[in-house]
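K.L.:
Have a look at this one.
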């Protein structure tokens with residue numbers, strides 16, 4: 001092989017190496033641009049996902065806050081209804097107790113407790129025919145002071161029980177069974 005052929009072989013080899021180096025550089029640059037685009041796309045996608053996730057979290061938070069506000073409003077409404085019922089029934093009970101106290105005061109001042117009563121004309125004799133028993137006109141019977149106090153005590157208990165029952169019934173109707 002002559003020098004010229006060697007020189008030519010070296011030039012060709014050098015050109016191949018240069019072309020390979022240039023091709024590798026161009027390939028490297030193109031790959032870098034492509035990867036940079038993919039990274040940018042991934043960042044944009046991640047940012048969009050974060051934004052969507054944040055929007056979802058905000059929507060969930062707002063819905064939960066609204067539910068809390070509604071529950072609090074319902075609770076306050078129920079508490080107001082209970083307070084109104086309590087006030088109403090407490091007043092009714094106090095009025096009934098005051099009336100009973102007035103009657104008790106009359107009894108203590110010497111007034112009696114009178115009860116309307118009817119008695120057969122002659123309780124000892126048995127009538128001759130069935131269905132012919134006669135009854136005197138209705139009159140009044142006055143109880144002893146002790147019996148009168150007992151009647152007023154019983155009356156006070158009945159008033160308290162009826163008031164409590166009425167209050168519970170209204171509570172169930174207005175608070176427990178109220179539309180939600």
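The values are calculated or read from the model by the stated rules, or taken from the named source; none is laboratory data. Keep in mind that this is a model prediction, so the values were computed, not measured. Methodologically, a virtual Cβ is constructed for each residue, glycine included, from the backbone with ideal geometry; neighbour enumeration extends over all protein chains shown.
K.L.:
Exactly one condition in (1) within 30 Å of residue 78 (Cβ to Cβ); (2) loosely packed, with under 10 Cβ neighbours inside 10 Å; (3) at pLDDT below 75 is not met by residue 134; state its number.
P.N.:
It is condition (1) that residue 134 fails.
K.L.:
Criterion first (assigned to a helix (DSSP H, G or I) and over 60 Å from the mean Cα position of the chain (by Cα)) does residue 30 satisfy it?
P.N.:
yes
K.L.:
Related question: Would you tally the residues in segment 160-176 being exposed (fewer than 15 other Cβ atoms within 10 Å of the Cβ) and within 19 Å of residue 98 (Cα to Cα)?
P.N.:
Qualifying residue count for the region: 4.
K.L.:
Only one of 86, 56, 41 is in contact (Cβ under 8 Å) with a residue 24 or more places away in the chain, in a helix (DSSP H, G or I) and surrounded by 10 or more Cβ atoms within 10 Å (Cβ to Cβ); which?
P.N.:
The conditions single out 86.
K.L.:
Kindly evaluate residue 81 against the criterion of being surrounded by 10 or more Cβ atoms within 10 Å (Cβ to Cβ), in a helix (DSSP H, G or I) and in contact with a helix residue (DSSP H, G or I) (Cβ under 9 Å, 6 or more places away or on another chain).
P.N.:
Against the criterion (surrounded by 10 or more Cβ atoms within 10 Å (Cβ to Cβ), in a helix (DSSP H, G or I) and in contact with a helix residue (DSSP H, G or I) (Cβ under 9 Å, 6 or more places away or on another chain)), residue 81 qualifies.
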